[in-house]
Amino acid sequence: MNDQDKDRIALRIASIAKTKLATVVRVLLEKLQQDKQNRVAIYYILEGVLQQDTGGLEIRLVKNIVSLASDQMRETQEATNEVKVAASNTLVTLASCYFDHVMYELHCHLKPPKLPEEFILVTLGNLSSAYARKCIPFVRVTLNTMFSMLEFVKDGRLRQAFCGVLEQWSRAVRLFLANWEKCSFPKVGQLRLCNHFLPVYTHVTSNWLTCEEPELKQAIIKALGPMMSLLLHKEEYQDQIFEHLSWLLEQYKEDTDVFHVTKSLSQLLEVSGEYKIPLPDGKFQAICSALHNQICSQARPLSMENHTELVHCVVQLARSSPEDLIAFLHSQLKIKNEAVCVTSLKLLRAIVDADLPETRPKKCLIVKAVKSTFSDQNATVRKAVLHFIQRLLSLQSVENCAAWDMVAHVFTEFSVSTSKLVLWPRLLEYVVPAQYTGTLKPLCRCLRELAEKKQQEGEEAACLDYSGPVKLPTPQGLLARLLVVASSPYAGEGHGCAALQLLQALHQNIHVAVGEMWGVKIPSLLQYIEGNTENSLDHVQWEHMLLQSFLYKALGTSLAVCQDLGHVKSQLHQF
């Protein structure tokens, strides 16, 4: 049959099993014993049947399923690997309702010094992946039993299977520790679980790391990360763990799937960053160099999943030691090499993008590092700088870190590339038109910073040139627009404060006489907004403060510069 017909029949039998579960299971068990040729297909059907609620099955029938599947996945000659996989998967599915029965069967075949069949270990590992919390009570006995067997395991394939169990059970314990409050076990007692991994970890790292078989080395690498991340929780084990970091990093130079090296390293660094466990200085630099070299190396193509995991590792380093990481990347930016510089800029952008509590106070250091590349004329480097700035300015927390030097650089690049007008005063064009209302908060903030910078350069630099090519709004237009915005101070994520701050920054462009008065009035208005919320604001009081005490004086000063005498007379008459 084709796969579609097999699926159709499997669904039909599963549907019958909803009302005749025991009967269907008995028939399938008989078929498994009689029809050796189609065991894989029959197990596939049985697994589908067992995926529904099987809580009402007779225990004797459950034991028959467990016994038969266990026997067939351990057959060394007659059963193919496909049959063993199918039998193993069926046991894992059955464990959803009958976990203890399946676990008991597996432990019956963990009897040292006799070594278990490979698929006993495969099933044991898959159980912990599927039912992490249910495995917790069995951690001690399972690991102790496995440890007593390790010295007798010489076959590479069986060693791989042992490594698979260590990898998956380490993950299960780590998952449990991360979600212990949802479990019925006390956390303090279960932290001792980490101790049970030390003997097996020590044996593997002392005896198996020199293996030459690629598949076994891959299995060891995959197991090391979860075990190391668990043992790192215990201070007395940390020196031993850090010793094996060098071996892990060396695997980047081997002809192996380096993604698993990165994944194991990532798990270790997550614990180091989360629990503020400092890495030794030499190891920190070695990890930084290894990760950086992997990302910018042209020697072998980098898979997307490995690239993502490498960047994740760097972000984790930023959690544990942000200043050291930024200093390392800054040093790489000084190397006049396109790939090295671009990689460093991308990593700095990833750190900024993560917006971690540990790195937020370090934005000035990051910006300083990036500014060191401003003179680089390489087009790829310049583009990477612009991508960094784009990410930086999209964040909320960019104040007090020279971000506006970054903005100025964007417009300098724009000017160089297109010979068009730059940031000041071009952005003023977008303040008055209604279609740009959604951008008013960052727009006003940017313009305020620029206006203040211009004032520091001198009065002449801050004055707007209305005879130039930029179509600037009139002083009256700016004043009216910003006051209208301020009249609803909490709209648009609170753009009222930004509008008033811009108004104060532009005072000499509105009228030379308003500076002193606005220096007193506007801070009091801002204080009133910040001391209230949209719900608590007294709108009558706010109108009084903004309009009667402020608006008429401001409008009068503005009208004083108007050249249209008829317009001034009509406005005064209206007032």
What's the magnitude of the charge dipole for region 7-123 around its Cα centre, counting Lys and Arg as +1 and Asp and Glu as -1 at the beta-carbon? Answer in Debye, nearest 20. 280 debye
Which distance in nm do the two modelled labels at residue 410 and residue 386 give, with both placed 7 Å along the Cα-to-Cβ direction? 1.1 nm
Taking only Cα atoms of region 342-386, the Rg to Rh ratio with Kirkwood Rh works out at 1.00
Using a 7 Å offset from the Cα along the Cα-to-Cβ direction at both residue 544 and residue 379, what is the distance between the two label points in nm, to one decimal? 6.4 nm
Only Lys, Arg, Asp and Glu count, each charged at its Cβ (+1, +1, -1, -1), so figure out the dipole size of region 449-549 about its Cα centre, rounded to 20 debye. 240 debye
Full-extension gain between residue 209 and residue 233, please, as 0.36 nm times their residue separation minus the C-alpha to C-alpha distance. 6.4 nm
Hey, if you drop one equal point scatterer on each alpha-carbon of the chain and run the Debye formula without solvent, what base-10 log of I(q)/I(0) do you get at q = 0.13 Å⁻¹? -1.23
Residue 533 versus residue 429: modelled label distance in nm, points set 7 Å from Cα along the beta carbon direction: 4.1 nm
Semi-axes (Å, rounded, descending) of the ellipsoid equivalent to region 1-135 per its C-alpha gyration tensor are 24, 18, 13
Lys and Arg at +1, Asp and Glu at -1: add these up for the other residues within a Cβ distance under 13 Å of residue 432 and post the number. +1
Could you work out the helix-only [θ] at 222 nm for the chain, with each DSSP H run of four or more residues adding -39,500 (n - 2.57) and the total divided by the number of residues, to the nearest 500 deg cm²/dmol? -22000 deg cm²/dmol
Roughly speaking, what % of Cα-Cα pairs in region 417-575 are separated by over 22 Å, rounded to a whole number? 44 percent
Roughly how big is region 254-413's charge dipole about its Cα centre, with Cβ charges of +1 (Lys, Arg) and -1 (Asp, Glu), in debye to the nearest 20? 440 debye
Along the positive direction of the dipole of the chain (beta-carbon charges: Lys, Arg +1; Asp, Glu -1; about the Cα centre), which of 226, 143, 423 reaches farthest? 143
So the FRET efficiency between residue 274 and residue 144, C-beta based with R0 = 22 Å and rounded to 0.05, is 0.15
Cross-link list 114/222; 276/336; 362/453; 222/362; 84/253: which exceed 29 angstrom alpha carbon to alpha carbon? 276/336; 222/362; 84/253
Could you tell me how many degrees, from 0 to 90 and to the nearest 10, lie between the Cα long axis of helix 475-486 and the main elongation axis, the longest principal axis, of the Cα atoms of the chain? 40 degrees
Counting only protein heavy atoms and leaving out ligands, DNA and RNA, the solvent-accessible surface of residue 309 at a 1.4 Å probe, in Å² to the nearest 10, equals 20 Å²
If only Cα atoms are counted, what is the Rg of region 274-327, and what is its Dmax, in Å? 11.8, 35
Using alpha carbons only, how many angstrom separate the centre of region 206-256 from the centre of region 1-79? 40 Å
So, taking all protein chains as they sit and a 1.4 Å probe, how much accessible area belongs to residue 307, in Å² rounded to tens? 70 Å²
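The values are calculated or read from the model by the stated rules, or taken from the named source; none is laboratory data. This one's a predicted model, so the numbers in the text were calculated from it and none came from an experiment. Don't worry about glycine lacking a Cβ; one is built from the backbone with ideal geometry, like all the others, and counts go over all protein chains shown. Keep in mind that these areas ignore ligands, DNA and RNA; they rest on the heavy atoms of the full protein, side chains included. Shrake-Rupley method; radii C 1.70, N 1.55, O 1.52, S 1.80 Å.
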